[in-house]
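Engineer: Below you'll find the structure I mean.
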Amino acid sequence: MRFAFPPPPSIAVPVLGTDERFPVHRIYCVGRNYEEHAKEMGFTGREPPFFFLKPADAIVVAEAGQTVDMPYPSLTQNLHHEVELVVAIGRGGQNISAAAAQAHIFGYAVGLDMTRRDLQTEMKKQGRPWCIGKAHDQSAPIGPITPAAQAPDIASAELWMQVNGIDRQRSQVSKLIWNIGEVIEHLSTAWALQPGDLIYTGTPEGVGAVCRGDIMRAGAEGLASISVRVT
Ligand code: MN
């Protein structure tokens, strides 16, 4: 095949403990999937899960043991962190039941759903799409993927996030409103999941702003933690 210009490089995330990389297909994100976060955003109760996407090339790979730079994005005065458990899909499918979901999971990672909150809020107010608030360049930092077999207790893992060494978010994956299996069940009715899909499963309470120069550290029990500098 002859391309009109060189195709963009593949987007890929390291797989912990191997020299393999996980090639990214799509990034799905779940909105308001922890009760205390739904409350801090002005909502209550259990609503059906809803989804938005980020482009695959929004990924910022945070290699184990390193601090990676993430540029402060354009247009915003209120860039928020949202720490999330990320599920990496290894086997695709449609209409996957929650009970069968585990067989489709390649592994897990810690990710940050970076959000231009001021732009998202304005789009919400106007009933417009969230893309400009959620899907900007470098909006999806992620750490190495731990294969599922090496993270057996992820459903009860603690999930945490610090800015400059101070706790901002600390919760448990067990507090997900829609658990991992249920998220995969709902998502796979709407899209055919493919190997390489990443699912950011939602953030607990404690979201807040970061500034240039801040160091964000985030982790989940049993997974590689990440360190990201806002530049
Ligand atoms: Mn989020």
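Engineer: Among the residues of the range 86-102, are any away from the ligand (no atom under 16 Å from the Cβ), part of a strand (DSSP E or B), more than 26 Å from Cys131 (Cβ to Cβ) and touching a helix residue (DSSP H, G or I) at 6+ places or on another chain (Cβ under 7 Å)?
Structural biologist: Just the residues of the range 86-102 that are away from the ligand (no atom under 16 Å from the Cβ), to begin with: 88-102.
Now narrow it down to the ones that are part of a strand (DSSP E or B): 88-89, 93.
The next check asks that each one be more than 26 Å from Cys131 (Cβ to Cβ); those that pass are 93.
This time we only want the ones that are touching a helix residue (DSSP H, G or I) at 6+ places or on another chain (Cβ under 7 Å), so: 93.
The answer is yes; a qualifying residue exists.
Engineer: Could you look through the range 78-123, keep only residues that are over 19 Å from Arg168 (Cα atoms) and among the polar types (S, T, N, Q), and pick out the one that is surrounded by the most Cβ atoms within 10 Å (Cβ to Cβ)?
Structural biologist: Taking the candidates together, the pick is Gln120.
Engineer: Among the residues of the range 130-145 satisfying the criterion of being in a loop (DSSP other than H, G, I, E, B) and within 15 Å of the ligand (Cβ to nearest atom), which is nearest to the chain's Cα centre (by Cα)?
Structural biologist: Keep residues of the range 130-145 that are in a loop (DSSP other than H, G, I, E, B), which gives 130, 135-139, 143-144.
Still in the running and within 15 Å of the ligand (Cβ to nearest atom): 130, 135-136, 139.
Details: Trp130: 15, Ala135: 12, His136: 14, Ser139: 9 Å.
Once the filter is applied, the top-ranked residue is Ser139.
Engineer: Please work out if Ile89 is of a type in the set (A, V, I, L, M) and under 18 Å from the mean Cα position of the chain (by Cα). Explain how you work it out, then say what you get.
Structural biologist: Working: of a type in the set (A, V, I, L, M): yes; under 18 Å from the mean Cα position of the chain (by Cα): yes.
For Ile89, the condition - of a type in the set (A, V, I, L, M) and under 18 Å from the mean Cα position of the chain (by Cα) - is met.
Engineer: To continue, here is another question. Restricting attention to the range 200-223, does a residue exist that is in a strand (DSSP E or B), basic (Lys, Arg), under 17 Å from the mean Cα position of the chain (by Cα) and farther than 22 Å from Ala12 by Cβ?
Structural biologist: Within the range 200-223, the first condition is being in a strand (DSSP E or B), and the residues that meet it are 200, 208-209, 215-220.
Going one step further and asking which of them are basic (Lys, Arg), we end up with 217.
Okay, now just the ones that are also under 17 Å from the mean Cα position of the chain (by Cα), so 217.
Pick out the ones that are also farther than 22 Å from Ala12 by Cβ and you get 217.
For the range 200-223, residues in a strand (DSSP E or B), basic (Lys, Arg), under 17 Å from the mean Cα position of the chain (by Cα) and farther than 22 Å from Ala12 by Cβ: present.
Engineer: Go through the range 2-48 residue by residue and tally those that are at pLDDT 95 or above, within 16 Å of the ligand (Cβ to nearest atom) and charged (D, E, K, R).
Structural biologist: Within the range 2-48, residues that are at pLDDT 95 or above, within 16 Å of the ligand (Cβ to nearest atom) and charged (D, E, K, R) number 1.
Engineer: Would the range 199-206 turn up any residue that is farther than 21 Å from Met70 by Cα and more than 16 Å from the ligand (Cβ to nearest atom)?
Structural biologist: Checked the range 199-206: no residue is farther than 21 Å from Met70 by Cα and more than 16 Å from the ligand (Cβ to nearest atom).
Engineer: Another question, then. Quick check on my filter: what residues within the range 107-128 are more than 12 Å from the ligand (Cβ to nearest atom) and free of Cβ contacts under 8 Å to residues at least 24 places away in the same chain? Give the derivation first.
Structural biologist: Residues of the range 107-128 that are more than 12 Å from the ligand (Cβ to nearest atom), as a first pass: 107-110, 116, 118-119, 121-128.
Once the filter is applied, which keeps residues that are more than 12 Å from the ligand (Cβ to nearest atom) and free of Cβ contacts under 8 Å to residues at least 24 places away in the same chain, the range 107-128 yields Thr121, Glu122, Met123, Lys124, Lys125, Gln126, Gly127, Arg128.
The values are calculated or read from the model by the stated rules, or taken from the named source; none is laboratory data. All of these numbers come straight from a predicted model, not from anything done at the bench. Here the Cβ is made from the backbone with ideal geometry for all residues, glycine too, and neighbour counts use every protein chain on show.
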